[in-house]
Amino acid sequence: MNPLIRNGAVAAIALLVFGSAVACHKEEQAVEGVTRSAVKAEHRAQAQASERDREQAKLARIPVPTKSLYVNVHDARKWQNPFLTVGVKTLDLRIEVPNAGKNGPGKGTAPRARRQDLEVSLKELGKAVAAIPPEEWPYGRVIAVAESPKASRKEMPEVRRNVEAVINELNDLGVVVEEWPSQ
C-alpha cells in the first residue's frame, strides 16, 4: 500500500479518535453541568418546601375559622382578622394590632386595636401571613381578600389573576379565604 495513503488513513483514524474523545469530553461536561443545575434546583426546592412547612406549622396553631363570628360582618372596617387588598403589582395586608392599655393588650382605657397596613409581594405572602400573631385572628384562620378599588378597568384582568394566585397560595397554607367585593 502506498505510504501516503497509509499515513492519510492513520491520520484520519487519529483525527476521528481525537474528535470522538473531544466530543465525549464535551458530553461529559454537559452532563456534569446539567447534573449540577439539577442538584441546585433540588436544593432550592427543598429549602422552599421546608420554608412552606414552617409557615404551615405556624399557621396551624391558629384555630380553624368560626364562621358564625364573621358571617354578619359586611363592612371591611369592622373585619377584625387580616384583610388583603390585591392590586396589579402589590398586595396590601391590613391587620388590627391590639393596643396595650393599663391592664395589657386590648384592656384599659386604650382603644381595642389600631390598624396597621403593610405592602407585601405575592412571593412574600406566605411569610407575611405566617408572621401575624395568633391573637390577630379572632375569627380563626380566615382572611378576607378583595380586589383593589384603585385598579383601572384595563388592569382588572391582571388583578383577578393575582386574586386567584393569592387564593391558591393561602389555601396551600391552610388559610380559609373569605372573598369580598371591591371596597
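Based on what the data block shows, is residue 136 surrounded by fewer than 19 Cβ atoms within 10 Å (Cβ to Cβ) and either in contact (Cβ under 8 Å) with a residue 60 or more places away in the chain or in contact with a helix residue (DSSP H, G or I) (Cβ under 9 Å, 6 or more places away or on another chain) (or both)? In short, no. Right, residue 88: out of contact with any Ser or Thr (no Cβ under 9 Å at 6 or more places or on another chain), assigned to a loop (DSSP other than H, G, I, E, B) and modelled with pLDDT of 90 or more or not? So residue 88 fails the test. For segment 161-183, the set of residues classified as under 17 Å from the mean Cα position of the chain (by Cα) and without any contact (Cβ under 8 Å) to a residue 40 or more places away in the chain consists of 161, 164, 167, 168, 171, 177, listed by residue number.
Would you say residue 82 is under 20 Å from residue 142 (Cα atoms), of a type outside the set (Phe, Trp, Tyr) and either modelled with pLDDT under 85 or touching a Gly at 6+ places or on another chain (Cβ under 7 Å) (or both)? Here the answer is no, as residue 82 does not meet what is asked. Condition check for residue 56 on (1) surrounded by 15 or more Cβ atoms within 10 Å (Cβ to Cβ); (2) modelled with pLDDT of 95 or more: one failure, at (2). Filtering segment 139-157 to residues that are exposed (fewer than 14 other Cβ atoms within 10 Å of the Cβ) and in contact (Cβ under 8 Å) with a residue 24 or more places away in the chain leaves 149, 150. Within segment 55-78, the residues that satisfy the criterion of being part of a loop (DSSP other than H, G, I, E, B) and under 24 Å from the mean Cα position of the chain (by Cα) are 61, 62, 63, 64, 65.
The values are calculated or read from the model by the stated rules, or taken from the named source; none is laboratory data. Being a predicted model, the structure only gives us computed values, none of them experimental. Quick reminder, even Gly has a Cβ in these numbers, built from the backbone with ideal geometry, and neighbours come from all protein chains shown.
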